[in-house]
1. Kindly provide the set of residues from the stretch 110-125 that are under 30 Å from Asp41 (Cα atoms), open to solvent by 60 Å² or more (accessible area, probe 1.4 Å) and in a loop (DSSP other than H, G, I, E, B), ordered by number.
2. Of all residues in the stretch 34-45, how many are open to solvent by less than 20 Å² (accessible area, probe 1.4 Å), hydrophobic (A, V, I, L, M, F, W, C) and farther than 15 Å from Gln83 by Cα?
3. Out of all the residues in the stretch 10-33, which are open to solvent by 20 Å² or more (accessible area, probe 1.4 Å) and under 21 Å from Arg85 (Cα atoms)?
4. Go through the stretch 254-282 and give me each residue that's surrounded by 18 or more Cβ atoms within 10 Å (Cβ to Cβ) and over 18 Å from Gln132 (Cα atoms).
5. Can you tell me how many residues in the stretch 90-109 are open to solvent by 20 Å² or more (accessible area, probe 1.4 Å) and either more than 23 Å from Asp186 (Cβ to Cβ) or over 13 Å from the mean Cα position of the chain (by Cα) (or both)?
6. Just need a number here: residues in the stretch 93-128 that are without any contact (Cβ under 8 Å) to a residue 40 or more places away in the chain and of a type in the set (Asp, Glu).
7. Taking Glu49 as the residue in question, decide whether it is without any contact (Cβ under 8 Å) to a residue 24 or more places away in the chain, over 29 Å from Tyr221 (Cα atoms), among the acidic types (Asp, Glu) and out of contact with any Cys (no Cβ under 7 Å at 6 or more places or on another chain).
8. State which residue is least open to solvent (accessible area, probe 1.4 Å) when the search covers only the stretch 289-308 and only residues that are more than 22 Å from the chain's Cα centre (by Cα) and at pLDDT 95 or above.
Amino acid sequence: MILVSVVIPTQRRPVGLAAAAGSVLRQTGVDPSSVELLVVDNDQAPSAEAMTQALAVQAPFAVRYIHEPRAGVAHARNAAMAQARGDFVAFLDDDEEAPSGWLHALLDVQARFDADVVFGPVRGRLPDEAEQHRPYLEQFFSRVGPDDAGLLDHYYGCGDSLVRRAALPDAHAPFSAERNHIGGEDDLLFGQMKARGARFAWAPDAWVWEDPAPGRLSLRYTLARAFAYGQGPSAACAAQSPPDRLGVAKWMAVGLGQAAAFGALALVKWAVHAQDFAFTLDRAARGLGKTLWWGPFKVQFYGLSVTA
């Protein structure tokens, strides 16, 4: 019986995939016969197949390759869910690397608190040459939580998480394809689970490194992401059935105030070359996202076909 299926979605990141998958193969404290690794290749061509097959030769447990040519993060995750055999599914991104006790720490907290979803910390790891806005970028690509393990009243993103399949609204295709292009498919799913009474927990020892791609180490990228993150609360209210129009109005008003206040403060900090300028501008971008959350303002990060 497979207890846990570890899923790594990837799209033409061979270096990151090698680090992520290699770290899964080095896990300790778990019975190898109860684990499987699923690599989901979201490239139109099966570009990660050879690497996955090579990893399988040295693996202490089953390693399976899944090719999902339909571009989109939700498609990739659902392709894995459709073939995963575990009672639990652990998600690791292809720019993350887990220490050897990662999976054991997730499973331990799940058992202790009977959690439906367990989240762990993410530590942003930047190359030495990334000097501009370094404190801000390290924080942006990190996830921080409580010092102690325990239940949570909120949820985080899918990377570095453990999900109980039985708690999912759909065990085989739980991620909404509507979020393929803009992301947030995990927020939408976990929001639905919370409404149904799911139990979320935090595992401080289940931390991973995140190595962002060089192209993401800029304010242009992070502020666009911050804007998209800000859209989440307003969009979630609008997506309810029936739509929570009062909630949408509330978040838009909150966002407008944040955008104005932090935008003005960021301008002052930029003028005086304040070191925390980027942190303030990030908060302004998140506020603006709450206000401008619909159709033409949605930012596309995923769902792009890679053919070259």
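The values are calculated or read from the model by the stated rules, or taken from the named source; none is laboratory data. Everything numeric in this text was worked out from a predicted model, so none of it was measured. Methodologically, a virtual Cβ is constructed for each residue, glycine included, from the backbone with ideal geometry; neighbour enumeration extends over all protein chains shown. Each accessible area value is taken on the protein alone, full model and side chains, heavy atoms only, with ligands, DNA and RNA left out. Shrake-Rupley method; radii C 1.70, N 1.55, O 1.52, S 1.80 Å.
1. So in the stretch 110-125, the residues under 30 Å from Asp41 (Cα atoms) come out as 110, 115-125.
Cutting the leftovers down to open to solvent by 60 Å² or more (accessible area, probe 1.4 Å) gives us 123, 125.
Listed by number, the list holds a single entry, Arg125.
2. Number of matching residues: 0.
3. Scanning the stretch 10-33 gives Leu25, Arg26, Gln27, Thr28, Gly29, Val30, Asp31, Pro32, Ser33.
4. Result: Gly255, Gln258, Ala259, Phe262.
5. Qualifying residue count for the region: 7.
6. 1
7. Details: without any contact (Cβ under 8 Å) to a residue 24 or more places away in the chain: yes; over 29 Å from Tyr221 (Cα atoms): yes; among the acidic types (Asp, Glu): yes; out of contact with any Cys (no Cβ under 7 Å at 6 or more places or on another chain): yes.
Yes, satisfied.
8. Quick first cut of the stretch 289-308, residues more than 22 Å from the chain's Cα centre (by Cα) only: 291-292, 295-296, 307-308.
After this cut, where a residue has to be at pLDDT 95 or above as well, the list is 291-292.
Details: Thr291: 22, Leu292: 46 Å².
Out of the qualifying residues, it is Thr291.
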